[in-house]
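These notes are about the structure you will find just below.
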Amino acid sequence: MLIVGENINTSRKRIAEAVENQNTSFIATVAKAQADAGADFVDVNAGTFVDRETEYLCWLVETVQDAVDLPLCLDSPNPKALSEAIRRHRGEPMINSISLEKDRFDAMLPLIISQPCRVVALCMAETAMPVTIEDRVQAGAELIYRLTAEGVALENIYIDPLVQPVSVDTRMGSAVLGAIKTIMNDFPGVNTICGLSNISFGLPARRLINRTFLSLCMHQGLNAAILDPTDKHLMANVLSTRMLLGKDEYCGDFIDAYQKGIINND
């Protein structure tokens with residue numbers, strides 16, 4: 001299970017303040033906490049600063065990679081910001097994201113094929129957000145066909161079925177689960193990823209909902225998630241679910257994480 005740490009996003013007030021003030025130590029502390037908690041990638045997003053996004057995203061790339069030895073998920077719909085951030089990134093980044101929206105696809109594709117990278121592909125068609133399983137699967141399949149035709153390796157594609165709040169439509173959880181299962185079955189070798197916390201928006205006990213939904217997604221084949229790795233209960237769910245699905249030989253990863261204090265038995 002690949003974990004993308006979500007906490008360095010300027011939609012969060014304290015992160016926005018730290019970025020605006022160029023508070024290197026604060027951003028480094030947040031990055032290290034996620035790395036220590038088990039993140040494989042650290043997401044960086046400066047999208048709330050529309051006029052200075054390129055500058056701030058580049059600063060985040062350099063600041064975070066000076067603090068932790070991890071690749072980053074470069075999170076922006078802005079091709080210029082991504083192009084400059086990629087130039088400063090050490091190693092192979094993850095690009096978040098491309099979709100079937102024509103302008104976005106045409107702008108992002110040259111960046112994605114210009115160097116080795118992983119890419120998050122949103123199940124977003126030209127016209128509307130997906131509602132059904134079929135909407136998501138159709139969009140995901142077309143993205144896979146179009147990206148692989150351009151030379152993107154299947155194993156570098158992370159299909160995002162676009163989690164939407166069940167508080168708005170109670171069908172949204174089952175639609176995502178069905179889409180994950182179908183995509184993973186129909187395209188062996190591809191990956192699926194989701195922004196987990198969207199599922200619980202507008203509801204109480206959000207962390208409980210997020211944990212439960214993540215386990216359900218993993219059972220359908222989800223193999224990457226954008227989440228808060230410093231939430232020990234959530235990471236305990238990741239590790240225990242992976243173990244119970246037979247993906248942790250001799251339960252070694254679970255035991256190791258327990259001994260390191262990454263998870264507890266609360």
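The values are calculated or read from the model by the stated rules, or taken from the named source; none is laboratory data. All values derive from a computational prediction rather than experimental measurement. Note that each Cβ is placed from the backbone with ideal geometry, even for glycine, and that neighbours are counted across all protein chains shown. What goes into the accessible areas is simple: the full protein's heavy atoms, side chains included, and nothing from ligands, DNA or RNA. Shrake-Rupley method; radii C 1.70, N 1.55, O 1.52, S 1.80 Å.
Residues in the range 19-47 that are without any contact (Cβ under 8 Å) to a residue 40 or more places away in the chain, farther than 26 Å from His233 by Cβ and surrounded by 17 or more Cβ atoms within 10 Å (Cβ to Cβ): 1 in all.
Annotation note: of Ala67, Ala33, Ala46, the sole residue that is under 16 Å from Leu227 (Cα atoms) and small (Gly, Ala, Ser) is Ala33. The combined condition, being surrounded by 13 or more Cβ atoms within 10 Å (Cβ to Cβ), on the phi > 0 side of the Ramachandran plot, free of Cβ contacts under 8 Å to residues at least 60 places away in the same chain and touching a strand residue (DSSP E or B) at 6+ places or on another chain (Cβ under 7 Å), is not fulfilled by Leu82. Would a scan of the range 57-78 turn up a residue that is closer than 24 Å to Met218 by Cβ and either surrounded by fewer than 22 Cβ atoms within 10 Å (Cβ to Cβ) or over 16 Å from the mean Cα position of the chain (by Cα) (or both)? Yes, that holds for at least one residue. Among the residues here, Leu111 does not qualify as without any contact (Cβ under 8 Å) to a residue 40 or more places away in the chain and under 28 Å from Ile263 (Cα atoms). The combined condition, being out of contact with any Gly (no Cβ under 6 Å at 6 or more places or on another chain), over 20 Å from Val120 (Cβ atoms) and among the small types (Gly, Ala, Ser), is fulfilled by Ser25. For Glu155, the conditions (1) within 26 Å of Leu111 (Cβ to Cβ); (2) open to solvent by 60 Å² or more (accessible area, probe 1.4 Å); (3) over 17 Å from the mean Cα position of the chain (by Cα) are fulfilled apart from (3).
The number of residues in the range 208-266 being in a loop (DSSP other than H, G, I, E, B) and loosely packed, with under 14 Cβ neighbours inside 10 Å comes to 8.
Among the residues making up the range 23-53, a single one is acidic (Asp, Glu) and touching an Asp or Glu at 6+ places or on another chain (Cβ under 7 Å): Asp43. Would you confirm whether any residue within the range 165-187 is in contact (Cβ under 8 Å) with a residue 60 or more places away in the chain and either of a type outside the set (S, T, N, Q) or surrounded by fewer than 18 Cβ atoms within 10 Å (Cβ to Cβ) (or both)? So far as the range 165-187 goes, no, none of its residues is in contact (Cβ under 8 Å) with a residue 60 or more places away in the chain and either of a type outside the set (S, T, N, Q) or surrounded by fewer than 18 Cβ atoms within 10 Å (Cβ to Cβ) (or both). Looking at the range 114-134, which of its residues are in contact (Cβ under 8 Å) with a residue 40 or more places away in the chain and in a helix (DSSP H, G or I)? Answer for the range 114-134, where residues must be in contact (Cβ under 8 Å) with a residue 40 or more places away in the chain and in a helix (DSSP H, G or I): just Ile133. Scanning the range 14-39 for residues that are over 20 Å from the mean Cα position of the chain (by Cα) and of a type in the set (D, E, K, R) yields Arg14, Glu17, Glu20. Among the residues making up the range 190-221, those that are without any contact (Cβ under 8 Å) to a residue 60 or more places away in the chain and touching a Ser or Thr at 6+ places or on another chain (Cβ under 7 Å) are Phe201, Gly202, Leu203, Arg206, Ile209, Asn210, Ser215, Gly221.
Contact annotation: residue pairs with Cβ atoms under 8 Å, 6 or more positions apart or on different chains, pairing a residue in the range 249-262 that is within 18 Å of Leu234 (Cβ to Cβ) with a partner that is outside any helix (DSSP H, G or I) and of a type in the set (Asp, Glu), are Phe254/Asp248.
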